Amino acid sequence: MNDMRIVERDVNTQKAKITARGVQVHYGTTHALKDVNVDILANTVTAFIGPSGCGKSTFLRCLNRMNDTVASARVSGEILIDGENIYDKRVDPVQLRAKVGMVFQKPNPFPKSIYDNVAYGPKIHGMTRNKAELDEIVEKALRKAALWNEAKDRLNSPGTGLSGGQQQRLCIARAIATAPEVLLMDEPCSALDPIATAQVEELIDELRASFSVVIVTHSMQQAARVSQRTAFFHLGNLVEYGETGTIFTNPSDPRTESYISGRIG
Amino acid sequence: MQTDPHILRAFDRDLHSVQALVVRMGALVEEAIGKAAQALHGRDDALANSVRREDAAIDALEEQINADCARLIALRQPNAGDLRTVLSVMKVASNLERCGDYAKNLGKRTTVLNQSAPIGGLSASVLRMAGAVQQQLHAALDAYIKRDADLAASVRARDSEIDQIYSALFREILTHMLEDPRTITGCMHLHFIAKNIERVGDHATGIAEQVIYLVTGALPADQRPKGDTTAFETGA
Ligand SMILES: Nc1ncnc2c1ncn2[C@@H]1O[C@H](COP(=O)(O)OP(=O)(O)O)[C@@H](O)[C@H]1O
Ligand SMILES: [Mg+2]
């Protein structure tokens, strides 16, 4: 050990789950994303960081074709998941979004029971044949989201009656109930207190055993705590991508260093 | 390494103030080594005793630096170059604290040496070595203040010269003791003095290595050349 690098937290694989090649996004005349190339690893938490408006959410939304729903958005380039181009005509975006789940900044449970929030996805994707199977999926998802103990006695009460942190974990349970392979999270803790944040971070760390997790965060400390890879975006460019410990001790691009150390770059 | 100001200016003030403490500590240590060498040369008990007393100020500065760094890490959560700055401040302060101890020990042994007749020629060699080490320490601190990795690399390269002076001195001291056993006590003290000065040289090198880490993000990978062969000496 000569360079005092923070010991890299286990990344079990070098296998790329998502490959982006030459990805560009325009919203009308706004050039929001400029030639992004990156390999996002399987079973790894990847943090997207960068100043507001740099294109983090735009790129995240490319990964499950959420930009399809934005009328002015034009996406070009290639995004492969497990080697398959997700923008291929034969790919059904609804199926894709079951495989690539998403959790948003503000917890947004449906105005339904806790049970129905989680059961919704598996139901519409026809994942179960009967109530018993559905019960099982709901329980598994709630357990994975570390919400089972708090929710098991009130499955029929409304999801909106939970605390903010519990609601966010409910949304995570909802996202993972469809057995996705990739979980996208856009600032999932920005509305949470430190304890709920820690619980979600712990959950993210556990989820990486089963998924690729991509998290957009404005908290440098959160990116440092929770990810193994970090991508820094600036003005629509992916400026630097690398092992999180290296990015936070010795980034190679001065723009990255300015941003993560809170400087006027 | 980034040197643009932080958006939160209090962060810059914290980093500057802890580095200013290291600079002050460096100045005190340089002065202590200089005075200790002068006291040895002039057989000056009063000066030697003042070096012994003044080490407390150096220790106190190190404590303050450690406390300030702990606060800075807890309150500012430094990253990248800022993080390396804080880590290197702590290492450099610890190097300097050891140097202060060696200066104090030089003072102590000088007062003992002053109680017997001078040992011909030997203390001149020790003084020459002290001079070389003072230059090394000065250059290392200069490299630290200027963030000059090239200057730091040259400090590192020159450490073997001090090792060589020490090896030569070691043999000189041995010869003296063999020729005139009455000088053994004094020679032993002089040898410890020489060894301590050589250690100060090592700490100067340690500071230079921290400069390289601070500027480049990595410690130098190569082993630095060793000029001290006394570990293999068997005597006459
Ligand atoms: N739906 C949209 N319509 C038009 N412009 C948009 C839309 N969404 C994002 N943008 C623009 O694209 C750029 C990148 O935005 P975004 O991806 O939301 O950044 P970030 O998530 O990094 O804050 C910004 O200039 C933003 O104004
Ligand atoms: Mg966003």
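The values are calculated or read from the model by the stated rules, or taken from the named source; none is laboratory data. Since the structure is predicted, the reported quantities are computational estimates derived from the model, not experimental observations. So basically every Cβ, Gly included, is an ideal-geometry build from the backbone, and we count neighbours across all protein chains shown.
When the residues of the stretch A:31-65 are filtered to those that are hydrophobic (A, V, I, L, M, F, W, C) and touching an Asp or Glu at 6+ places or on another chain (Cβ under 8 Å), which remaining residue is farthest from ligand 2 (Cβ to nearest atom)?
Filtering first and then ranking leaves A:Val45.
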Problem - Residues within the stretch A:39-60 that are away from chain B (no Cβ under 14 Å), within 16 Å of ligand 1 (Cβ to nearest atom) and buried (at least 18 other Cβ atoms within 10 Å of the Cβ), tallied - result: 10
Problem - Boolean, A:Ser210 is over 21 Å from the mean Cα position of the chain (by Cα) and of a type in the set (Ser, Thr, Tyr) - result: no
Completion exercise
Note on B:Met90: of the conditions (1) within 14 Å of another protein chain (Cβ to nearest Cβ); (2) modelled with pLDDT under 95; (3) within 24 Å of B:Gly206 (Cα to Cα), unmet is (2)
Handout entry: Subset of the stretch A:97-107 (residues that are in contact (Cβ under 8 Å) with a residue 40 or more places away in the chain and surrounded by 16 or more Cβ atoms within 10 Å (Cβ to Cβ))
Key = A:Ala98, A:Lys99, A:Val100, A:Gly101, A:Met102, A:Val103, A:Phe104, A:Gln105, A:Pro107
Handout entry: Candidate set: the stretch A:61-88, residues that are hydrophobic (A, V, I, L, M, F, W, C) and touching a residue at least 40 places away in the same chain (Cβ under 8 Å); chosen: the one nearest to ligand 1 (Cβ to nearest atom)
Key = A:Val70
Problem - Residue among B:Thr230, B:Thr205, B:Thr216 that is in contact with a helix residue (DSSP H, G or I) (Cβ under 8 Å, 6 or more places away or on another chain) and within 14 Å of chain A (Cβ to nearest Cβ) - result: B:Thr216
Handout entry: Residue among B:Gln223, B:Gln135 that alone is within 14 Å of chain A (Cβ to nearest Cβ) and polar (S, T, N, Q)
Key = B:Gln223
Handout entry: Odd one out for A:Met102 among (1) within 12 Å of ligand 1 (Cβ to nearest atom); (2) within 22 Å of A:Tyr241 (Cβ to Cβ)
Key = (1)
Exercise for the section: Output the residues belonging to the stretch B:42-83 that are part of a helix (DSSP H, G or I), within 14 Å of chain A (Cβ to nearest Cβ) and surrounded by 14 or more Cβ atoms within 10 Å (Cβ to Cβ). Expected result: B:Leu72, B:Ile73, B:Arg76, B:Ala80, B:Gly81, B:Asp82, B:Leu83
Handout entry: Cβ pairs under 7 Å, 6+ apart, first in the stretch B:1-25 and more than 28 Å from B:Gly100 (Cα to Cα), second among the acidic types (Asp, Glu)
Key = B:Gln2/A:Glu257; B:Pro5/B:Asp12; B:His6/B:Asp12
Practice task
Could you grab me the full set of residues in the stretch B:71-121 that are of a type in the set (S, T, N, Q) and over 17 Å from B:Ala218 (Cα atoms)?
Solution key: B:Gln77, B:Ser94, B:Asn95, B:Asn105, B:Thr110, B:Thr111, B:Asn114, B:Gln115, B:Ser116
Completion exercise
Scanning the stretch A:62-76 for residues that are under 17 Å from the mean Cα position of the chain (by Cα), of a type outside the set (A, V, I, L, M, F, W, C) and surrounded by fewer than 21 Cβ atoms within 10 Å (Cβ to Cβ) gives A:Arg65
Practice task
Among the numbered conditions (1) away from ligand 2 (no atom under 16 Å from the Cβ); (2) out of contact with any strand residue (DSSP E or B) (no Cβ under 7 Å at 6 or more places or on another chain); (3) farther than 18 Å from B:Leu83 by Cβ; (4) of a type outside the set (D, E, K, R), tell me where A:Phe211 comes up short.
Solution key: (2)
Fill in the blank from the handout: Contact list, first residue from the stretch A:239-265 and touching a residue at least 60 places away in the same chain (Cβ under 8 Å) and more than 8 Å from chain B (Cβ to nearest Cβ), second anywhere and part of a loop (DSSP other than H, G, I, E, B) and crowded, with 23+ Cβ neighbours inside 10 Å, beta-carbon distance below 6 Å, six or more apart or interchain, is A:Thr244/A:Ser227
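Condition first: among the basic types (Lys, Arg) and either within 14 Å of chain A (Cβ to nearest Cβ) or assigned to a loop (DSSP other than H, G, I, E, B) (or both). Now tell me which residues in the stretch B:1-41 satisfy that.
Residues satisfying the conditions are B:Arg9, B:Arg13.
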Fill in the blank from the handout: Picking from A:Ser219, A:Ser190, A:Ser210, the residue that is more than 14 Å from chain B (Cβ to nearest Cβ), modelled with pLDDT under 95 and within 15 Å of ligand 1 (Cβ to nearest atom) would be A:Ser190
